There are 2 protein chains.
Amino acid sequence: MTASLARRESSPVSLPQPYLLFLGDVTEAGFAKTAFGLKDWAADLCVGELACSSDAVTTGLTRMTPKKAYVRGARAMVIGVANPGGVIKPSWMPSLLDALEAGLDLIAGMHARLEDAPELKAAAERYGRKLIDVRRPPAGIPIATGRKRTGKRLLTVGTDCAIGKKYTALALAAAFKARGVGADFRASGQTGIMIAGGGVPMDAVVSDFEAGAAEILSPDAAPDHWDVIEGQGSLSHPAYAAVSLGLLHGSQPDVVVLCHEPGRERLLGFPEFRTPSLIDAIAVNLQMGALTNPNIRCGGVSFNTSALTQQEAEVLMAVASTALSLPVADPLRGGPAFERLVDNCLAP
Amino acid sequence: MTASLARRESSPVSLPQPYLLFLGDVTEAGFAKTAFGLKDWAADLCVGELACSSDAVTTGLTRMTPKKAYVRGARAMVIGVANPGGVIKPSWMPSLLDALEAGLDLIAGMHARLEDAPELKAAAERYGRKLIDVRRPPAGIPIATGRKRTGKRLLTVGTDCAIGKKYTALALAAAFKARGVGADFRASGQTGIMIAGGGVPMDAVVSDFEAGAAEILSPDAAPDHWDVIEGQGSLSHPAYAAVSLGLLHGSQPDVVVLCHEPGRERLLGFPEFRTPSLIDAIAVNLQMGALTNPNIRCGGVSFNTSALTQQEAEVLMAVASTALSLPVADPLRGGPAFERLVDNCLAP
């Protein structure tokens with residue numbers, strides 16, 4: 001039953017491709033997770049990028065108008081940025097209308113719905129275009145049962161939002177497969193769903209059903225199969241911990257991998273809140289996760305070292321690994337450290 | 001700003017009264033929280049009860065048909081029961097249709113909406129009656145900020161669902177007022193909202209906004225004013241912990257009071273899960289709550305001893321109080337133990 005529900009959820013996702021990535025006027029990379037995620041993990045689906053401010057972040061793709069993107073094959077523009085509250089900023093509107101006029105559908109994963117903006121709705125109707133919302137959760141999500149499911153599960157957890165939980169899950173799922181282990185990446189957020197073509201937008205689910213949504217996200221599987229589940233938020237986040245706890249309880253992970261960005265001492269956008277220590281973040285996830293899986297353990301730590309040199313990154317990872325007695329690796333750098341992390345996650 | 005939002009939420013609640021309480025075919029009192037809550041805390045609003053099965057629980061009110069209830073003054077029938085998933089059972093339908101035909105509006109607080117049932121919608125239109133859903137959360141709930149608000153806050157937390165969190169909050173708010181302390185009961189669930197005439201149905205809020213909803217539920221107040229907030233679920237519940245954690249973080253309580261039913265060794269409806277020990281439940285609430293209020297403390301424990309004699313209850317409460325070095329009381333029994341609990345909650 002849960003398996004068939006999970007299948008039904010995934011099926012509605014069928015997006016027009018390839019994409020033009022819209023960056024708005026966002027100047028902080030942490031708020032452009034969707035654009036960077038698509039560029040890094042589905043580069044063949046991205047023909048270029050568009051911003052509405054010259055100092056906006058860049059994915060490194062060619063900047064182009066919607067018209068040019070259409071000529072180069074794009075069939076949809078993805079709103080690749082987010083802001084607290086997930087609203088459509090008025091300053092974005094001219095670019096969004098341009099895209100519709102140029103023949104591109106709009107794809108978004110924000111809380112605010114595209115079709116709730118009358119200007120967009122009217123323009124989409126005028127030009128015969130679609131407004132697609134990947135954050136609308138499936139209907140009929142059940143209350144969690146707490147029943148232990150078959151198969152193995154890994155959940156990425158974090159010291160903060162926008163810290164590498166999706167990247168880590170994608171890299172681990174790919175590494176598991178490369179070793180011949182049956183594995184599926186399970187997407188819990190808009191970008192992941194755009195990359196994977198399915199999943200459940202966990203932060204858009206009504207709270208009472210949060211753990212239940214996580215249960216249908218990773219249904220019963222073969223005993224040696226791994227679901228590698230994209231984490232959300234952080235148990236130590238003043239706004240989003242509810243999402244994290246429901247996902248943790250419903251995922252019943254055998255293994256958690258903690259994601260962290262060295263040097264991030266304050267929560268992104270919440271400067272009054274300190275990032276928790278790694279050992280505390282691991283402990284609270286194991287403590288709370290033990291409710292639905294008493295055998296939960298930490299497979300290691302994933303560092304986002306994109307702001308560091310290779311040498312700096314290696315030194316930091318080695319020190320942290322010694323401190324915690326756990327593998328510490330940056331999945332995007334790979335190498336022996338990452339292989340040790342994979343080994344430890346898969347260790348019987 | 002938050003204060004004005006909170007006011008806007010409360011304003012839509014304006015219910016036709018008095019009530020006929022509908023018990024369906026529920027045989028376990030734990031699933032009839034709404035009916036019992038209304039009978040105990042708003043007895044003057046309840047003219048009688050109706051069940052559709054002879055072995056259903058009873059609130060002790062006179063059983064009567066909707067027609068008779070109307071003659072006795074009732075203007076709405078409240079669906080006073082819940083089941084896992086919050087659905088409208090087909091076996092309830094004849095009674096609901098009877099009520100509409102008799103001239104009663106229907107009030108419900110389940111996940112399933114009354115107006116989504118075509119039979120009910122058609123009947124309501126035919127008879128000119130209203131279908132009122134107190135679980136629809138207000139629009140425009142913001143993301144939590146984590147900003148510390150003025151005033152004092154108490155949150156009731158629990159070892160399980162349906163264990164006395166609403167009763168305890170109502171009793172404490174009444175006791176605070178009786179001592180001349182400015183206090184408001186803040187309702188977070190359907191029954192509480194029906195009693196209080198306002199509040200936020202926390203379990204129906206989208207997860208990303210859960211802590212934000214708790215923030216607007218108890219806005220800035222005078223420094224010596226107490227908001228006494230009705231808790232939801234339990235951090236140790238496999239289905240509902242997300243609701244509990246968002247409410248805890250957003251409430252920023254200065255004081256938590258743990259609610260428990262002695263003898264309940266398994267979670268209601270989740271027999272594979274043990275009820276946590278009192279000391280563990282207190283510890284995890286203080287640990288997680290410290291994120292948004294580092295000064296959080298436990299004011300004491302509230303026992304639901306409705307299944308025990310006065311003597312049994314007194315012995316149990318005294319032993320638990322000695323074990324935990326905290327006041328332990330049953331608010332419905334009152335007495336010196338309850339006064340000690342109130343003292344300790346208000347202690348500077």
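Things to note:
- Top-ranked residue in region A:57-94 [being aliphatic (A, V, I, L, M) and under 18 Å from the mean Cα position of the chain (by Cα); ranked as nearest to the other protein chains (Cβ to nearest Cβ)]: A:82
- In region A:100-119, residue farthest from the chain's Cα centre (by Cα) [restricted to those that are under 28 Å from residue A:268 (Cβ atoms) and more than 14 Å from chain B (Cβ to nearest Cβ)]: A:117
- Of all residues making up region B:40-57, the number that are free of Cβ contacts under 8 Å to residues at least 60 places away in the same chain, in a loop (DSSP other than H, G, I, E, B) and buried (at least 16 other Cβ atoms within 10 Å of the Cβ): 4
- For region A:278-295, the set of residues classified as within 14 Å of chain B (Cβ to nearest Cβ) and under 22 Å from the mean Cα position of the chain (by Cα) consists of A:281, A:284, A:285, A:286, A:288, A:289, listed by residue number.
To keep it simple, each residue is scored yes or no on (1) aromatic (Phe, Trp, Tyr); (2) within 27 Å of residue A:303 (Cα to Cα); (3) in contact with a strand residue (DSSP E or B) (Cβ under 7 Å, 6 or more places away or on another chain); (4) assigned by TED's automatic domain parsing to the domain that holds residue A:70.
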residue	(1), (2), (3), (4)
A:106	no, no, yes, yes
A:111	no, no, no, yes
A:117	no, no, no, yes
A:127	yes, no, no, yes
A:145	no, no, no, no
A:156	no, yes, yes, no
A:177	no, yes, yes, no
A:183	no, yes, yes, no
A:190	no, yes, no, no
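- Single condition residue B:339 does not satisfy, out of (1) of a type outside the set (A, V, I, L, M, F, W, C); (2) outside any helix (DSSP H, G or I); (3) under 22 Å from residue B:174 (Cα atoms): (2)
- Residue match in region A:247-259 (condition: free of Cβ contacts under 8 Å to residues at least 60 places away in the same chain and within 23 Å of the chain's Cα centre (by Cα)): no
- Single unsatisfied condition, residue B:155 versus (1) of a type outside the set (Lys, Arg); (2) at pLDDT 95 or above; (3) on the phi > 0 side of the Ramachandran plot: (3)
- In the condition set (1) β-branched (Val, Ile, Thr); (2) touching an Asp or Glu at 6+ places or on another chain (Cβ under 7 Å); (3) crowded, with 21+ Cβ neighbours inside 10 Å, residue A:150 is compliant with all but (3).
- Residue-level analysis places residue B:34 among those that are within 30 Å of residue A:141 (Cβ to Cβ) and of a type in the set (Ser, Thr, Tyr).
- Some residue of region A:12-19 being assigned by TED's automatic domain parsing to the domain that holds residue A:94 and assigned to a helix (DSSP H, G or I): no
- Residues in region A:129-145 that are over 22 Å from the mean Cα position of the chain (by Cα) and more than 14 Å from every other protein chain (Cβ to nearest Cβ): A:129, A:130.
- Test for residue A:329: is it crowded, with 22+ Cβ neighbours inside 10 Å and under 25 Å from residue A:224 (Cβ atoms): yes
- Selection within region A:79-96 - in contact with an Asp or Glu (Cβ under 7 Å, 6 or more places away or on another chain) and either free of Cβ contacts under 8 Å to residues at least 40 places away in the same chain or aromatic (Phe, Trp, Tyr) (or both): A:93
The values are calculated or read from the model by the stated rules, or taken from the named source; none is laboratory data. Model, not experiment: these values are computed from the prediction. All Cβ positions, even for glycine, are placed from backbone atoms using ideal geometry, and neighbour counts span all protein chains on display.
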